[in-house]
């Protein structure tokens, strides 16, 4: 079991098989649970990084994350980033899903084609992909934390059925993954943060200026802290 309280994550040692090349798909089920609580209710939610493989130079690799869409409605949006072999960043924010609800996310990439995002089996965004392959890097593949910094952007909540494919799956294949549901035999659970006291609201960390978006990374990407022990 992973614990957001202790900033735990999963790590897969670097392998060339984890550098996607010209086509790949990321697929995962998540249940966002990163929040500040008051009177038994979440009052401020935070995003985080679900999976990825890149380094602090951001000159190659990929990340699948979540970003807050509406604090009032407790909703998120899909936030993937892919760097080609020249270091160019391909990124978008799209779709909508709620705090505390299991949601299927998928992103496909085809060099010279498109980068496409899906939420619960439905396409929510597509942009032109670079003609170049995804840039290589030697970092591990990490789940539940920023892949370039294991002290940043922890994901709080549930993560299940993480999949990487060395091809860009089609829309019907993505829909089939969603319709097949979560694979409970391989479930990875990151429990939601416990209800912190009001003083924790003063400890919300600002976004890391060394991150992929530099000083423009949105505040909603900052991890929301849990109770200190």
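Throughout, read-outs are computed from the coordinates displayed, never taken from laboratory work. Note that the structure is a prediction, hence the values are computed from the model and not measured. Using ideal geometry, Cβ is built from the backbone for each residue, glycine included, and neighbour counts are taken over all protein chains shown.
Pairwise Cα separations in region 36-89 fall into 5 Å bins from 0 onward with the following percentages, short to long: 5, 19, 20, 17, 13, 10, 8, 5, 2, 1.
The mean of 1/r over all pairs of different alpha-carbon atoms in region 4-191, once inverted, gives a Kirkwood hydrodynamic radius of 16.4 Å.
Label positions at residue 183 and residue 150, each projected 7 Å from the Cα along the C-beta direction, are separated by 2.4 nm. The ranking of 62, 24 by Cβ neighbour count inside 10 Å, starting from the fewest, reads 24, 62.
By the count of other C-beta atoms within 10 Å, a proxy for reagent exposure, 153, 132, 169 are ordered fewest to most as 132, 169, 153.
Ordered by the number of other Cβ atoms lying within 10 Å of each residue's own Cβ, fewest first, 104, 14 fall into the sequence 14, 104.
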